[in-house]
1. Within 13 Å of chain B (Cβ to nearest Cβ) and either touching a Lys or Arg at 6+ places or on another chain (Cβ under 7 Å) or part of a helix (DSSP H, G or I) (or both): which single residue out of A:Val126, A:Val68, A:Val139 fits that description?
2. Could you run through the stretch B:209-251 and say how many residues are under 13 Å from A:Ser63 (Cα atoms), in contact with a Ser or Thr (Cβ under 8 Å, 6 or more places away or on another chain) and assigned to a loop (DSSP other than H, G, I, E, B)?
3. Considering each residue of the stretch B:50-73, count those that are out of contact with any helix residue (DSSP H, G or I) (no Cβ under 8 Å at 6 or more places or on another chain) and within 17 Å of B:Glu4 (Cβ to Cβ), and give that number.
4. Look at A:Gly127 and say whether it is over 22 Å from A:Glu23 (Cβ atoms) and open to solvent by less than 10 Å² (accessible area, probe 1.4 Å).
5. So, A:Leu102, is that one assigned to a helix (DSSP H, G or I), touching a Gly at 6+ places or on another chain (Cβ under 9 Å), within 14 Å of ligand 3 (Cβ to nearest atom) and open to solvent by less than 10 Å² (accessible area, probe 1.4 Å) or not?
6. Report the residue count in the stretch A:63-84 for those that are away from ligand 1 (no atom under 16 Å from the Cβ) and buried (at least 24 other Cβ atoms within 10 Å of the Cβ).
7. Quick check on the stretch B:168-186. Is at least one of its residues within 14 Å of another protein chain (Cβ to nearest Cβ), touching a Phe, Trp or Tyr at 6+ places or on another chain (Cβ under 6 Å) and not in a helix (DSSP H, G or I)?
Amino acid sequence: MENKTLSLDDQFQERIDRGENIEAKDWMPEKYRKTHIRQISQHGHSEIIGMLPEGNWISRAPSLRRKVALLAKVQDEAGHGLYLYSAAETLGISRDELMEQLNSGKAKYSSIFNYPTVSWADMGAVGWLVDGAAIINQVMLTKTSYGPYARAMVRICKEESFHQRQGYEIMLSLCNGAGVQKAMAQDALNRWWWPSIMMFGPRDEESPNTEQSMKWKIKKKTNDELRQQFVDQTVPQAEILGLSIPDKDLKWNEERGHYDFGIIDWEEFWNVVKGNGLMNEKRLKDRNAAWDEGQWVRNAALAYSEKQVERKAKKIA
Amino acid sequence: MLKERLYDYLLHLGDNSMILGQRLGELCGHGPELETDIALTNISLDLFGQVRNYFQAAAAIKGDGATEDSIAMLRYENEYKNTLLVEQPNDDFAHVIVRQFLFDVYHQLLLKELMSSKDETIAAVATKSIKEVNYHVGFSSTWLKRLGDGTEVSHDKMQEAVNKLWRYSLELFKPTDTEIWAAESGVGADLDQLKPIYLEKIKMFMDEATLGLPEATVFQYGAKSGRHSENMGYILADFQYIQRAYPNMKW
Ligand SMILES: [Fe+2]
Ligand SMILES: [Fe+2]
Ligand SMILES: [Fe+2]
């Protein structure tokens, strides 16, 4: 049998190539495990940090309907964080470790959340563009090789596309509203456009992990391919809104069958990744405060459940 | 006259849920763990769902272009009829839980009565909402026990929150003219009847949680007829911000 001569690594890769899912109890190369812990937890952290810029507008939402929708959306993101942390936990990391990595700044999360949400229109732009960009990545991940991750993505994607429509609908209302509302929408697009297309990560030439990620089906398309897909799908949506995308080089390229677009300011991108965005400090400070101020609560819940166990044991004895 | 009374009663019902929902909304993303964040957001969502039902009915009564949002967001501070309890700040998780618990037990008793209200809308909202509020009582009373009977630290924090918040509890049961009308006409609940049941329930849960009610409390009243604490202005500054800054627009 040919298989017997294959190394464990090769057999593992063969399973993935055949389209099998890898499950938590299966053997896996250490690098696969580590990469997945890193990627899944980063993804989970992004959901959790992502609650903050939108949570920022819950108390100021303009109508009861919008407030309820925003509350539900931010709650969904907490749920996404939970699914993803559970998926990461299957690989042998605990929730406490995950939180410690996030709070200490050791773990990364999507840089987009280090931009401020300064107007109500940002709730529209974030849903439309940020959730929109996230979906493109996440739809791809529903077919990824690691089973728990892929299944988490299936659940998450349904909600994300709802978020995107909700965000777009906020933009539509603004654009059909008074002049000051449309201006608010344009201003939000101006601020969120470039950070959104940066969400797909560095250019392919500068993205060394792509080849390995493709083999493990963490990626099926490169950063630049995904970015192009996002631009192509978003430009017509902006036209319907009657908003202009803040890129003078943006134009349809008949030959390529895609939009050409201008040069991304990668210096800004790396600055924010490295912690120098407007909101990096505040986001981490808020997470740390929530965690630290919650310590006595978690301690008490644990102590209480231990007491309950003891009491039951005494009753039986 | 009757319409005005009914309108006013709907505001009594809606405002408590709304201001508490608003306070819980401020917490979203800042809870001690993801699970409690999700649960408190759920409660906030339930409360705002009820508010929308009450205020849609109120808007229909008022007419003249009134909407759920104009009723929710375009009143002056002294026109809000919520109690002092629900406007108290999210000082820490102990205060959040105690505030919630003191309100939930009242809310459950109230809705049980309102299920047989002579007003169809109120009866329908109460029938729908009672299931939600049963869950709220379960949530807050469980946390009351966990934290009251958890560690020494948590016990002390909870007792402190009880000592601080208990003084706002009985306002829930001191009827305004509108609430007296509602009880007499069969539209609303008779708060005098509910009060002893409330006190008994609260004591039972507090005992289980190894917490005590403070003695010689000087109770605080007034918000239901428009005399709010300083908190209210700040709540409304957030809550009304967009409606005030950009009047007469659709969102
Ligand atoms: Fe999400
Ligand atoms: Fe996401
Ligand atoms: Fe989302």
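The values are calculated or read from the model by the stated rules, or taken from the named source; none is laboratory data. Since the structure is predicted, the reported quantities are computational estimates derived from the model, not experimental observations. Note that each Cβ is placed from the backbone with ideal geometry, even for glycine, and that neighbours are counted across all protein chains shown. These accessible areas exclude ligands, DNA and RNA; they are computed on the full protein's heavy atoms, side chains included. Shrake-Rupley method; radii C 1.70, N 1.55, O 1.52, S 1.80 Å.
1. Numbers: A:Val126 fails: within 13 Å of chain B (Cβ to nearest Cβ); A:Val139 fails: within 13 Å of chain B (Cβ to nearest Cβ).
Unique residue meeting the criteria: A:Val68.
2. 2
3. Step one: list which residues in the stretch B:50-73 are out of contact with any helix residue (DSSP H, G or I) (no Cβ under 8 Å at 6 or more places or on another chain), which gives B:60, B:63-65.
From what is left, the residues that are within 17 Å of B:Glu4 (Cβ to Cβ) are B:60, B:63-64.
The number of residues fulfilling the criteria is 3.
4. Taking the combined requirement at face value, the residue satisfies it.
5. Numbers: assigned to a helix (DSSP H, G or I): yes; touching a Gly at 6+ places or on another chain (Cβ under 9 Å): yes; within 14 Å of ligand 3 (Cβ to nearest atom): no; open to solvent by less than 10 Å² (accessible area, probe 1.4 Å): yes.
In short, no.
6. Of all residues in the stretch A:63-84, those away from ligand 1 (no atom under 16 Å from the Cβ) come to A:63-68.
The next check asks that each one be buried (at least 24 other Cβ atoms within 10 Å of the Cβ); those that pass are A:67.
Total satisfying the criteria: 1.
7. Initially, the stretch B:168-186 is screened for residues within 14 Å of another protein chain (Cβ to nearest Cβ), giving none.
The answer is no, given that none of the residues of the stretch B:168-186 is within 14 Å of another protein chain (Cβ to nearest Cβ), touching a Phe, Trp or Tyr at 6+ places or on another chain (Cβ under 6 Å) and not in a helix (DSSP H, G or I).
Yes or no, residue by residue, for (1) in contact (Cβ under 8 Å) with a residue 12 or more places away in the chain; (2) within 16 Å of ligand 2 (Cβ to nearest atom):
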position	(1), (2)
A:Leu8	yes, no
A:Asn21	yes, no
A:Trp27	yes, no
A:Glu30	no, no
A:Thr35	yes, no
A:Gln39	yes, yes
A:Gln42	yes, yes
A:Ile48	yes, yes
A:Gly55	yes, yes
